[in-house]
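Please treat every number below as a calculation from the coordinates, not as lab data. What you are looking at is a predicted structure, and each value in this text was computed from that prediction instead of being measured. Backbone-built Cβ (ideal geometry, glycine too); neighbour counts: all protein chains shown.
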Amino acid sequence: MNYLAVLVSGRGTNLQAIIDAIDEGILPDTQVSVVVSNRKDAYALRRAEAHGIPTIYHPLLPYKKAGRSRREYDEDLAKKLAQYPVDLVVLAGWMHILSSSFLRHYANRVINIHPALPGAFPGTHAIERAYEAFKRGEIDRTGVMVHYVPDEGVDCGPVIIQREVPIYPQDSLEDLEERIHRVEHEIYIQAIAQVLGVKLRPRRS
Ligand code: GRF
């Protein structure tokens, strides 16, 4: 069995895609052992609970208020995760940059998904920024990538899978967001399978 820790901050559609792929037998020999959120109201936590997956709420604010460092926050995150079996840490909308105090515990075992092509629009609001760049005639397509997280670099690191996503002149921002998220949900499963060395099974129709 391969165990995933999924780190989230928001609505958790990527987490849901992973849970569904496991439940439907598409991603075999894999289990989500724990879901971590830095935000209490993250809908992703409700999704995990609905599937009986253990959750950890690990907020940064108490550390800031106590004058404690990000490194301590990350070190404690690693300690909490150590209570669970974890083969791969999957960042699915996790909004904090992980420092080496966390990453050193999971060398080559942390992956992230970014809704843009490698090198393009790192950071937040990537889809919106790509959409605006398209409108200005600066780009004619965007994409999605899954990459390893070797260090504190934002949305960069060795690419595992990337896929181009077209933008059409008649697209609204919502159209583009929906197209990108659909691709995300597909390629994150492929990337996880590839990293774990698991063979994906065909979707039952
Ligand atoms: C996704 O677009 C992902 O690429 C980015 O954050 C978003 C998370 O969405 N890193 P969700 O919470 O999985 O719905």
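With the simple spin-label model, which puts each label point 7 Å out from Cα in the Cβ direction, the Q190 to D41 separation comes to 3.6 nm. Using θ = phi - 60° in the Karplus curve 6.51 cos²θ - 1.76 cosθ + 1.60, the 3J(HN,Hα) couplings for segment 91-99 round to 7, 10, x, 5, 9, 9, 7, 8, 8 Hz; x is entered for Gly and Pro. Phi angles across segment 168-174 convert, under the Karplus curve 6.51 cos²θ - 1.76 cosθ + 1.60 with θ = phi - 60°, into 3J(HN,Hα) values of 10, x, 7, 4, 8, 4, 5 Hz, Gly and Pro given as x. Around the amide H of N2, modelled in the peptide plane, lie the amide H atoms of T30, Q31, all under 5 Å away and 5 or more residues distant in sequence or on another chain.
Rounded, prolate or oblate: pick one for segment 1-118, where a ≥ b ≥ c are the square roots of the eigenvalues of its C-alpha gyration tensor, a/c under 1.5 means rounded, and failing that, prolate if a/b is larger than b/c, else oblate.
Working: a/c = 1.64, a/b = 1.49, b/c = 1.10.
Cα axes put segment 1-118 in the prolate bin.
Between amide H atoms placed 1.01 Å from N, distances below 5 Å from T55 occur with V35, all of them 5 or more places distant or on a separate chain.
What you get for segment 1-98, charging only the Cβ of Lys and Arg (+1) and of Asp and Glu (-1), is a dipole of about 680 debye around the Cα centre.
Using the average count of surrounding beta-carbon atoms within 10 Å as a protection proxy, the listed peptides 87-97, 20-30, 131-141 rank, highest first, as 87-97, 20-30, 131-141. Each peptide in 169-182, 146-159 was scored by the mean count of other Cβ atoms within 10 Å over its residues; highest first, the order is 146-159, 169-182.
Spin-label model, S100 to D87: label points 7 Å out along the Cα-to-beta-carbon direction sit 2.9 nm apart.
How long is the gain from E152 to L61 if the chain were fully straight, where each residue apart is worth 0.36 nm and the alpha carbon distance is subtracted?
Values: separation 91, 0.36 × 91 = 32.76 nm, distance 2.01 nm.
That pair, E152 and L61, stretches by 30.8 nm at full extension.
Specify whether the C-alpha gyration tensor of segment 83-169 places it in the rounded, prolate or oblate class, a ≥ b ≥ c being the square roots of the eigenvalues: rounded for a/c under 1.5, otherwise prolate if a/b is larger than b/c and oblate if not. Judged from the Cα gyration tensor, segment 83-169 comes out prolate (a/c at least 1.5, a/b above b/c).
Contour minus end-to-end for N108 and E72, with contour as 0.36 nm per residue of separation and end-to-end as the Cα-Cα distance?
Working: separation 36, 0.36 × 36 = 12.96 nm, distance 2.12 nm.
Using 0.36 nm per residue and subtracting the Cα-Cα distance, I get 10.8 nm.
Beta bridges assigned by DSSP with both partners in the chain are antiparallel in approximately 40 percent of cases.
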